[in-house]
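Every number here is computed from the coordinates shown, using simple stated rules; none is lab data. Fair warning: this is a prediction, and the values are worked out from it, not measured in the lab. Note that we place each Cβ from the backbone using ideal geometry, even for glycine, and neighbour counts take in every protein chain shown.
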Amino acid sequence: MPSTFVRARSRNHRLLHTAKRGAVESTPPTLVVVGVGTAGVRRAMLFSERMSELSAAGRIQTSVYYDCNEVTVANVQKTLQKSFGTARTGAGTQVLFPNYVPVPNGFMRDPTRFRDFRGPLERDMDNIVSQVMLHSERCGRVPETIIEFMGFSGHAVLGGLLHQKMQNAFPNSTVLPVMMLPKDHVAEEWTRRYIWEQYENLLSGSNCLVTTQSDVNAREDDARLATGLAGFEVAEFGDEDDPAISQLGVTLRRLMPASGGWLGMAAVKRKMPVTRKFEWLNFPPWWRQYAAVGPDDDLSSLLGNAIWSTLDPAAQLAEGINQPPNAPQEIVVSLPLHGDELEPVASQAAEALDQSSIFDRFTNLDIAFNTARFTDGIEPEPYMHVTRIYPVNGELQSVTEILRGERATLPYGATAMAETGFGSYFHMRDQVSNPVLPPVDDATEIEDDGQQHVRYI
Ligand SMILES: Nc1nc2c(ncn2[C@@H]2O[C@H](COP(=O)(O)OP(=O)(O)OP(=O)(O)O)[C@@H](O)[C@H]2O)c(=O)[nH]1
Ligand SMILES: [Mg+2]
């Protein structure tokens, strides 16, 4: 596919680097995607859809849709049948479902319910993992990046177990668990009482991308997440002589060392100003229409604006997380342009950004531009998507709130630079030793009536 890629790299790399991407079909499959639970499966599906809209679904070796729920499995199968009817890409992807579904409707949000069936469930998961391994041998390479969409509901601990099995099967792969922090009382209660501690063990040492369960528009949030991840996967951040194929993996390996266990994502979607449209008839329907823009300043200021907007709280996929400004940051800009239009637009935008103070604010920032036209429902409007991934340090405010069951009052950031990811037990610390939490008031402790009247001789 003759799509052009342009990279603008901080001030020190003022020269734009241009690379012609080779035929996408020749890129060997190197991704494994795992969705756990109903929401996780939905997110994994959306990611695959985005990848096929980029003609890059062939990069996925295996998709695991792990939801012990007959309705979900049937839905996924129906959707896949439909899309395989039209898309040639992705046909080589292995698709796996749980074979053992002890309860047809899932675990009813109870994360302990799986324990009655743990033995056979684990055997089924072992079987899934060995099929993933077999297929990776068939593809001739171990997966470079494994994306796992997980949550805090009925399938939570099973997801953690599956994560461990995958990690053991592919110790050298870059694994990205994408967590969805709960926002409803049932899930928060379970997280507090049970799930968080399980995850401290099961996900120990991972760097997780944090998102928050949406209370407004889950569909839109899932789409932003999928669009961002797919955009990163087809970007080209690596050096030309880097043998890495998974570009998301390149990004993650750059960001993870700077993180305290978490990564954050911000995504902005903006309508493109269209001056001209034309068709590119040689390609499947989702690539047929392009917005082409003349060489006016409107677009570059709009672009600069959208990039700055990734700093807004509203753009963050998780609430209340902070980032060190000198940490590495990576931005992907996906534009619904014809490949030939991309380079002039990107150079102009890079120049405008250079003049704004963005590279002073983020001294270690990479920006990649690429072409992508995603189908957002039936809307014919072309959109640009800007996504930023960044490492997070210190306290996760929303987690403190969930585990404490009340709003955190002190400003976060006091404990920045601390390792707070799973395995550190940072958020599990007792009340006295956690500086963010108020000290325990001994005077309010209820006295044991019985003890008062007992005299020890
Ligand atoms: N973002 C998003 N959230 C969803 C979606 N479907 C359900 N949720 C929310 O995700 C939370 C977890 O629900 P599920 O994903 O069904 O949990 P599960 O792991 O499948 O657990 P059980 O269904 O209890 O076995 C719920 O609060 C839902 O509101 C979705 O498609 N996208
Ligand atoms: Mg479910």
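Which distance in nm do the two modelled labels at Gln164 and Thr79 give, with both placed 7 Å along the Cα-to-Cβ direction?
2.9 nm
Quick one: pull the percentage of alpha-carbon pairs in the stretch 24-204 with a separation above 26 Å.
Tail fraction, whole percent: 27.
When Lys and Arg each count +1 and Asp and Glu each count -1, what net charge do the other residues less than 12 Å away from Glu401, Cβ to Cβ, add up to? Walk me through the intermediate numbers first.
Working: positive: Lys183, Arg192, Arg404, Arg407; negative: Glu188, Glu319, Glu395, Glu406.
For residues surrounding Glu401, the net value is 0.
In the stretch 160-237, which trypsin sites (Lys or Arg not before Pro) are in a loop and have at most 16 other Cβ atoms within 10 Å, using DSSP for the loop call?
Lys183
Net charge within 13 Å of Asp312 by Cβ-Cβ distance, Lys/Arg positive one each and Asp/Glu negative one each, not counting Asp312 itself? Show your work: numbers first, answer last.
Numbers: positive: Lys269, Arg270, Arg388; negative: Glu319.
Overall, the nearby charge balance is +2.
Subtracting the Cα-Cα distance from 0.36 nm times the residue separation, let me have the gained length for Val103 to Glu137 in nm, one decimal. List each step's numbers first, then the result.
Numbers: separation 34, 0.36 × 34 = 12.24 nm, distance 3.27 nm.
Answer, rounded to one decimal: 9.0 nm.
Could you give me the ³J(HN,Hα) list for the stretch 99-110, computed from phi with Karplus coefficients 6.51, -1.76, 1.60 and θ = phi - 60°, whole Hz, x at Gly and Pro?
Computed from phi, the couplings for the stretch 99-110 are 8, 9, 10, x, 10, x, 10, x, 9, 6, 6, 9 Hz.
Out of residues 5 or more away from Ala318 or on other chains, whose amide H comes under 5 Å of its own, with H placed 1.01 Å from N in the peptide plane?
Result for Ala318 returns Thr212, Met265.
Give me, ordered by chain and number, the residues 5 or more places off Gly394 or on other chains with an amide H under 5 Å from its own placed amide H.
Gly260, Met417, Ala418, Thr420
What length, rounded to one decimal in nm, is gained on full extension from Glu343 through to Ser130, with 0.36 nm per residue of separation minus their alpha-carbon distance?
Stretched fully, the Glu343-Ser130 segment lengthens by 72.3 nm.
At 0.36 nm per residue, minus the direct Cα-Cα distance, what do Tyr425 and Asn217 gain on full extension? Give it in nm, one decimal, please. All intermediate terms of the calculation are to be shown ahead of the outcome.
Details: separation 208, 0.36 × 208 = 74.88 nm, distance 3.17 nm.
Here the answer is 71.7 nm.
Shape of the stretch 30-128 from its Cα gyration tensor (a ≥ b ≥ c, root eigenvalues): rounded if a/c is under 1.5, otherwise prolate when a/b > b/c, or oblate? Provide the component values of the computation, followed by the final result.
Working: a/c = 2.40, a/b = 1.98, b/c = 1.21.
Judged from the Cα gyration tensor, the stretch 30-128 comes out prolate (a/c at least 1.5, a/b above b/c).
What FRET efficiency comes out for Val186 versus Arg123 if R0 is 22 angstrom and r is the Cβ-Cβ distance? Round to the nearest 0.05.
E between Val186 and Arg123, to the nearest 0.05, is 0.15.
Taking a ≥ b ≥ c as the square roots of the eigenvalues of the Cα gyration tensor of the stretch 348-395, is the shape rounded (a/c under 1.5), prolate (a/b larger than b/c) or oblate?
Working: a/c = 3.17, a/b = 1.50, b/c = 2.11.
It comes out oblate by the Cα gyration axes.
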